[in-house]
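This report refers to the structure that appears directly beneath it.
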Amino acid sequence: MSRPAPRAKVSVRAIAALAFAAVVVVAFDQTVKALVVAHLPYGQVVPVLGGALQFLYVRNPGAAFSFAVNMTWVFSIVSAAVVVAIVVFARRIRSMWWAIVLGMLLGGALGNLLDRLFREPGFGRGHVVDFISTPWMMPAIYNIADSFICVSMVIFVLLVILGVNLDGTRAVSEKQRRERDAADASVEAEASSASRPLVDDPRAPRDGRDAHGRDQLGHDAT
């Protein structure tokens, strides 16, 4: 009876990198939001780099970039589901790239989830603090957590395109698979040829006699 395959060991380094990235993003996001609430006037544009970058403090009841403002509870549940999913899959991560990317995504989701859970008007219905405005790039107003979510998703797509798996291995393309199969077939053919017994030469001497029945001393066999 075949034994079940042993479970892969948990990568402590990958989990530590994921947790560190998430903590840094959450701390950065919540610290900046606290400063915005304490010092920025609500609803007033504060130029930072002319029209390229502005601060505009608003409270967003919807998703990232002020989308679906009347579905706060739904996005609270979605954010919580994202957090749970990342925590569950963390045990499978061996790649440091994936650990950092998912850590940034986890931190961004947690940053906005904390707003929805603990800010006014109530638990699960809290409004997210948004304050970054870049009119030249997009009309929406966003925050640090949104920025990390977007950056992590871009890197997520790049890792998928490059074929980097969660365990750090690289996915094999169809061309590479064909080349590998051809090389394996060639090696097997050479091994089979080397192990095949040689065909007897009828002219080779047998039992001390040559092909004409004479012994090695030149006498005819009787």
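Just so you know, all these numbers are worked out from the coordinates, no wet-lab data involved. Everything numeric in this text was worked out from a predicted model, so none of it was measured. Note that each Cβ is placed from the backbone with ideal geometry, even for glycine, and that neighbours are counted across all protein chains shown.
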Mean Cβ neighbour count within 10 Å, used as a protection proxy, ranking 130-136, 79-85, 102-108 highest first: 102-108, 130-136, 79-85
Amide H contacts of Tyr57 (H built 1.01 Å from N, under 5 Å, at least 5 apart or other chain): Gly43, Gln44
Burial order of peptide ranges 13-26, 113-126, 31-44 (average beta-carbon count within 10 Å, highest first): 13-26, 113-126, 31-44
Gain upon complete extension [Phe118, Trp136; 0.36 nm per residue less C-alpha separation]: 3.2 nm
Per-pair calculated FRET efficiency, R0 = 25 Å: Ala80 and Asp167 via Cβ, rounded to 0.05: 0.40
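What FRET efficiency, computed as 1/(1 + (r/R0)^6) with R0 = 35 Å and r the Cβ-Cβ distance, is obtained for Ala52 and Val23, rounded to the nearest 0.05? Can you show the working numbers first?
On the way: r = 30 Å, r/R0 = 0.87.
Taking R0 as 35 Å, the efficiency between Ala52 and Val23 is 0.70.
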Cα-based Kirkwood hydrodynamic radius, the range 72-147, one decimal, Å: 13.5 Å
